[in-house]
Amino acid sequence: MSLAETLLRLAKSDDFSERARAGTELSRFAGSDAVDQGLLELLLDGDNTSPVQDTAEALIRCGDGAALRPFAAAWHRADSAKDDTHLTEIADYLYGATSYGLWLDATDPQRTGLQTVLATLLDDQDEAVRKGAGSLLSTLPGAR
């Protein structure tokens, strides 16, 4: 069993701290359908916000298109659910992670930039990713 497969199993644990740890580690494997689905589920965790926060921050730290795809899709789901208190709370955590990403961009000249990477997702094949990236871009400081 590969490390990614082990982490995907851990992502389904009953223990929220194990799910949070799995999300942090899985972020390094973003880009495959199975991992991206697991990351999306962690970003929308219905039981505890710790996996949401840890997974979101790990994906933002990665900062590339593969990592931001599940993040944008989760943003679309959370931001679109106006009548779901839990998803509204998740949207707050995801937005907070974008602030962290903008801070990282400002302090690390080697980063491509959160806004630049999100802009590349506007043409993604997945509608949720496209819509999430567009919505996120419109909420970030300096949006046009």
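Under the condition of being open to solvent by less than 40 Å² (accessible area, probe 1.4 Å), more than 16 Å from Leu102 (Cβ to Cβ) and in a helix (DSSP H, G or I), the residues counted in region 42-57 number 7. Could you check, for region 60-76, whether at least one of its residues is basic (Lys, Arg), in a helix (DSSP H, G or I), in contact (Cβ under 8 Å) with a residue 24 or more places away in the chain and surrounded by 22 or more Cβ atoms within 10 Å (Cβ to Cβ)? Yes, because at least one residue in region 60-76 is basic (Lys, Arg), in a helix (DSSP H, G or I), in contact (Cβ under 8 Å) with a residue 24 or more places away in the chain and surrounded by 22 or more Cβ atoms within 10 Å (Cβ to Cβ). If you go through region 28-41 and pick out every residue that is touching a strand residue (DSSP E or B) at 6+ places or on another chain (Cβ under 8 Å) and outside any helix (DSSP H, G or I), you end up with 0. Counting the residues of region 5-27 that are assigned to a helix (DSSP H, G or I) and surrounded by fewer than 17 Cβ atoms within 10 Å (Cβ to Cβ) gives 6.
Go through region 134-144 and count every residue that is open to solvent by 70 Å² or more (accessible area, probe 1.4 Å) and not in a loop (DSSP other than H, G, I, E, B). The number of residues fulfilling the criteria is 1. Within the bounds of region 124-133, is there any residue that is more than 30 Å from Asp47 (Cβ to Cβ), part of a helix (DSSP H, G or I) and at pLDDT 90 or above? Taking every residue of region 124-133 in turn, none turns out to be more than 30 Å from Asp47 (Cβ to Cβ), part of a helix (DSSP H, G or I) and at pLDDT 90 or above.
Screening Arg111 with (1) more than 10 Å from the chain's Cα centre (by Cα); (2) of a type in the set (Lys, Arg); (3) closer than 19 Å to Ala4 by Cβ gives one miss only, at (3).
Residue-by-condition table, conditions (1) under 20 Å from Leu8 (Cβ atoms); (2) in contact with a helix residue (DSSP H, G or I) (Cβ under 7 Å, 6 or more places away or on another chain):
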{"residue": "Gly38", "(1), (2)": "yes, yes"}
{"residue": "Leu59", "(1), (2)": "yes, yes"}
{"residue": "Ala78", "(1), (2)": "no, yes"}
{"residue": "Lys82", "(1), (2)": "no, no"}
{"residue": "Thr120", "(1), (2)": "no, yes"}
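Listed by first and then second residue, the pairs linking a residue in region 107-124 that is under 17 Å from Pro70 (Cβ atoms) to a residue that is among the acidic types (Asp, Glu), with Cβ atoms under 9 Å apart and 6 or more places separating them unless they lie on different chains, are Leu114/Asp105; Val117/Asp64.
The values are calculated or read from the model by the stated rules, or taken from the named source; none is laboratory data. Computed from a prediction, not measured in an experiment: that's the story for all the values here. Glycine gets a Cβ as well: all are built from the backbone with ideal geometry, and neighbour counts include every protein chain shown. Note: accessible area is taken over every heavy atom of the protein model, side chains too, but ligands, DNA and RNA are not part of it. Shrake-Rupley method; radii C 1.70, N 1.55, O 1.52, S 1.80 Å.
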